[in-house]
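Here's the structure we're looking at; comments come further down.
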Amino acid sequence: MSINKISEQILLAVKTKQASEEFLSLLGSYSLDQLEKELNNDQAKKAFWINIYNAFFQIFRKFNQIDKPEIYQEKLINIAGENFSLDEVEHGILRKYRYKYSVGYLPNIFTKRLIKKLAVDHIDYRIHFALNCGAKSCPPIAFYSLEKIEAQLQLATLSFLEGETDILEEKKEIQITQLFKWFLADFGGKSGIRKILKEHLQIKSKGYTLVFKPYSWEEELENYSDDFAA
């Protein structure tokens, strides 16, 4: 079974409340060489690590009762004999070792060599519409596969932006998700946000002010999307 399929099976087991020990064991038994060989391009890396992040957040919160901020910092994800944290998966690997609190403009100079080796070559802003941290305003959890990752990320982006973007004509405002503010550089700054709104929603934002909507941190676990099948 490929490493990408293992990540899908772990997420499926979490969703369906089935035993996942077999797949977790497989994940831990991989060698680093095998891991790097299979995750040899950004598509494979994104599909794998998004599934891993979403599965383990649910595991840590629902079954291990780990709270914030420890849930992001504890290195409890065993893959190929190495232990990773959720922060390392998101900010180290999927965001190419960006410093967590720099809105994407600065690298984390303390990133260990392994994370740099495993990281994507190019930051894909669409990951922010795929990662779920258990809050009400988070994107829903979907199953990502190597074969369909591009179309799935496009759909996830469109779906999330449609639900989180409001145009107030009378105020000449476009209200958008707070995610754009937190990871501003990943989206190419405010000009990049306007391009994204045009590309995905056909919104011409010239003359409109961008306003970031409040983010609801109310806990909402098990928010699975109906758009994707495992």
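Quick one: how many lysine pairs in the range 154-212 have C-alpha atoms under 17 angstrom apart, if they're 8 or more apart or on different chains?
Taking the Cα cut-off of 17 Å, the pair count is 14.
Apply the Kirkwood formula to the chain: the hydrodynamic radius equals the inverse of the mean of 1/r over all pairs of different alpha-carbon atoms; give it in Å with one decimal. Working shown, then result.
Details: mean 1/r = 0.0549 Å⁻¹.
So the Kirkwood estimate lands at 18.2 Å.
Which is the longest stretch in the chain that no exposed loop site breaks, taking sites as chymotrypsin sites (Phe, Trp or Tyr not before Pro) with a DSSP loop state and at most 13 other Cβ atoms within 10 Å?
Numbers: sites that count: TYR101, TYR105, PHE110, TRP217.
For chymotrypsin sites (Phe, Trp or Tyr not before Pro) (loop position, at most 13 other Cβ atoms within 10 Å), the longest site-free span of the chain is 111-216.
Between ILE141 and residues 5 or more places away or on another chain, which pairs have amide H atoms under 5 Å apart, with H built 1.01 Å from N, and which residues are they?
Those lying under 5 Å, H to H, from ILE141 are ASN223, TYR224, SER225.
Calculate, in nm to one decimal, what GLN73 and LYS15 gain on full extension: separation in residues at 0.36 nm each, minus their alpha carbon distance. Intermediate values should be presented prior to the final figure.
Values: separation 58, 0.36 × 58 = 20.88 nm, distance 2.31 nm.
Computed gain between GLN73 and LYS15 is 18.6 nm.
Please return the longest stretch of the chain lacking exposed loop sites, where GluC sites (Glu not before Pro) count only if DSSP places them in a loop and at most 12 other Cβ atoms lie within 10 Å.
Value returned for the longest uninterrupted segment is 1-146.
Which whole-number percent gives the relative contact order of the range 1-139, counting Cα pairs below 8 Å spaced six or more residues apart?
On the way: 171 pairs, mean separation 31.1, N = 139.
Reported as a whole number, the value is 22 percent.
How large is ³J(HN,Hα) for each residue in the range 195-212, as worked out from phi by the Karplus curve 6.51 cos²θ - 1.76 cosθ + 1.60 (θ = phi - 60°), to whole Hz, x for Gly and Pro?
With the stated coefficients, the range 195-212 comes to 5, 5, 4, 6, 5, 8, 10, 6, 8, 8, 9, 4, x, 10, 8, 8, 10, 7 Hz.
Trypsin sites (Lys or Arg not before Pro), restricted to the range 154-230: which are DSSP loop and have at most 12 other Cβ atoms within 10 Å? Walk me through the numbers before you get to the answer.
Working: sites: LYS171, LYS172, LYS181, LYS190, ARG194, LYS195, LYS198, LYS204, LYS206; in loops: LYS171, LYS172, LYS204, LYS206.
Hits after loop and neighbour filter: LYS171, LYS172, LYS204, LYS206.
Work out, step by step, the length gained on full extension between ASP166 and LYS148: first 0.36 nm times the residue separation, then minus their alpha carbon distance; give nm to one decimal.
Details: separation 18, 0.36 × 18 = 6.48 nm, distance 2.91 nm.
3.6 nm is the gain from fully extending ASP166 to LYS148.
Any chance you could get the radius of gyration and Dmax over the Cα atoms of the range 154-212, in Å?
Considering the range 154-212 through its Cα atoms, Rg and Dmax are 10.6, 30 Å.
In nm, to one decimal, how far is the PHE212 label point from the TYR101 one, both placed 7 Å along Cα→Cβ?
About 1.5 nm separates the two model spin labels.
For a quick check, take a GNM of the chain with Cα springs below 10 Å and name the residue from ASN51, ASN64, ASN108 with the largest mean-square fluctuation.
ASN64
What is the distance in Å between the Cα centroid of the range 107-155 and that of the range 29-98?
Value for the Cα centre distance between the two parts: 10 Å.
Could you work out how much longer the chain between GLN65 and GLN34 gets when fully extended? Use 0.36 nm per residue separation minus the Cα distance between them, nm to one decimal. Walk me through the intermediate numbers first.
Numbers: separation 31, 0.36 × 31 = 11.16 nm, distance 3.18 nm.
The GLN65-GLN34 span can extend by a further 8.0 nm.
Which order do LEU32, LEU131 fall in if you start with the one that has the fewest other Cβ atoms within 10 Å?
Details: LEU32 14, LEU131 21.
Least to most surrounded, the residues fall as LEU32, LEU131.
Pick out which of GLY92, GLY207, GLY192 has the largest mean-square fluctuation in a Gaussian network model of the chain, springs linking Cα atoms closer than 10 Å.
Its mean-square fluctuation being the largest, the pick is GLY207.
Relative contact order for the range 154-212 using alpha-carbon pairs under 8 Å, separation at least 6, rounded to a whole percent? Walk me through the numbers before you get to the answer.
Values: 56 pairs, mean separation 22.8, N = 59.
Relative contact order, the range 154-212: 39 percent.
Throughout, read-outs are computed from the coordinates displayed, never taken from laboratory work. In this text the structure is predicted, and so the values were computed from the model without any measurement. Counting neighbours? That spans all protein chains shown, and the Cβs are built from the backbone with ideal geometry, glycine included.
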